[in-house]
Amino acid sequence: MARLPGEGLRARDTADFERLVDRALSTGEIARAVRADRTGELGGRLRTGALAEAALLAEAAEPEYRTYLGLREGAAGGAADGTGGAGSGDGAREAGKWRGLLPLLGVLVPSLAAVAAVVFLLLGHLLRPVASQRALGDALITAGQVSVVLTAASLACGIAGLLGTAARHRAAGADAPGERLRRAHEAWQLALLERGIVPHLERQLRSGPPSAPTRDVGSRTRPGYSSPDFAAPDYASGRYASGDFASPDYAGPDFSGPDSGPRH
């Protein structure tokens, strides 16, 4: 199934992402900042933030991730078929069987030739002084010399065969689907760590935690009502100003006495 850009990580790859986040938090400048945090909350906050941005951070390693997914899906498809390489697998096993005999012959032939050379030379030198056995002794010495040459030649061929086999094994191991998948997996993890997770955590460290609102101790909120406006008395003159009370008009009534003239 083709993967569209920006889809994020597959479910089975989220565990790798979490391990990479933990790895980034435990190395370098980020690890020192986490250890220096007195509250002990910095590591958890950074980890939670990185996991929340997993889809965005995964885009930093998008090419490597596509390559890795292609190889993984191809390997899974080949394993599910089970028939794609049946004939070629039989041919490879047959060729591998014959190639496996070459190192054995490379060790066995030089050993036998060396033993034969020692035996022939020894018997030839023992029989040569005897007059009746001189011809046989010379023949054995000649056979021993030939065996020495064969030993050297077979030893050289055996060494070359061993080196060739080792080189083929290395090449086959490097080109194997499993090895290519492993290298693609490592390349994706490295790209995700260096281009996605670590830069994100460093940006979070530089930005710092959000500052909590501070309260000004000196300024208090006034209640929603105002005090009545009391005017202070005027103390400037040193006396109280009395109110202007007008006294009532208590003029006595105009009583005229009875008209009593002088008594006669």
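Of the numbered criteria (1) open to solvent by 70 Å² or more (accessible area, probe 1.4 Å); (2) within 60 Å of the chain's Cα centre (by Cα); (3) hydrophobic (A, V, I, L, M, F, W, C), the one ALA131 fails is (2).
Restricting ALA15, ALA60, ALA31 to residues that are of a type in the set (A, V, I, L, M, F, W, C), assigned to a helix (DSSP H, G or I) and touching a residue at least 40 places away in the same chain (Cβ under 8 Å) narrows the list to ALA60. Does ARG45 satisfy being out of contact with any helix residue (DSSP H, G or I) (no Cβ under 6 Å at 6 or more places or on another chain), within 20 Å of PRO199 (Cβ to Cβ), open to solvent by 80 Å² or more (accessible area, probe 1.4 Å) and in contact (Cβ under 8 Å) with a residue 60 or more places away in the chain? Yes: the conditions hold for ARG45.
Determine whether THR165 is among the β-branched types (Val, Ile, Thr), assigned to a helix (DSSP H, G or I) and at pLDDT below 80. Steps first, please.
Numbers: among the β-branched types (Val, Ile, Thr): yes; assigned to a helix (DSSP H, G or I): yes; at pLDDT below 80: yes.
The answer is yes for THR165.
Residue count for the range 140-168 satisfying the condition of being open to solvent by less than 80 Å² (accessible area, probe 1.4 Å), under 16 Å from SER111 (Cβ atoms) and more than 50 Å from the chain's Cα centre (by Cα): 7. Restricting attention to the range 99-122, the residues that are over 21 Å from CYS157 (Cα atoms) and open to solvent by 80 Å² or more (accessible area, probe 1.4 Å) add up to 1. Restricting the first member to the range 114-135 and to residues that are under 23 Å from THR151 (Cα atoms), and the second to residues that are open to solvent by 70 Å² or more (accessible area, probe 1.4 Å) and of a type outside the set (Lys, Arg), the beta-carbon pairs closer than 7 Å and six or more apart or on different chains are ALA117/VAL148.
Residues in the range 11-42 that are β-branched (Val, Ile, Thr) and either open to solvent by less than 90 Å² (accessible area, probe 1.4 Å) or touching a strand residue (DSSP E or B) at 6+ places or on another chain (Cβ under 8 Å) (or both): THR14, VAL21, THR27, ILE30, VAL34.
The values are calculated or read from the model by the stated rules, or taken from the named source; none is laboratory data. What you see is a predicted model, and the numbers here were worked out from it, not measured in a lab. With ideal geometry, Cβ positions are generated from the backbone for all residues, glycine too; neighbour counts draw on all protein chains shown. Accessible surface is based on the protein model in full, side chains and every heavy atom, while ligands, DNA and RNA are left aside. Shrake-Rupley method; radii C 1.70, N 1.55, O 1.52, S 1.80 Å.
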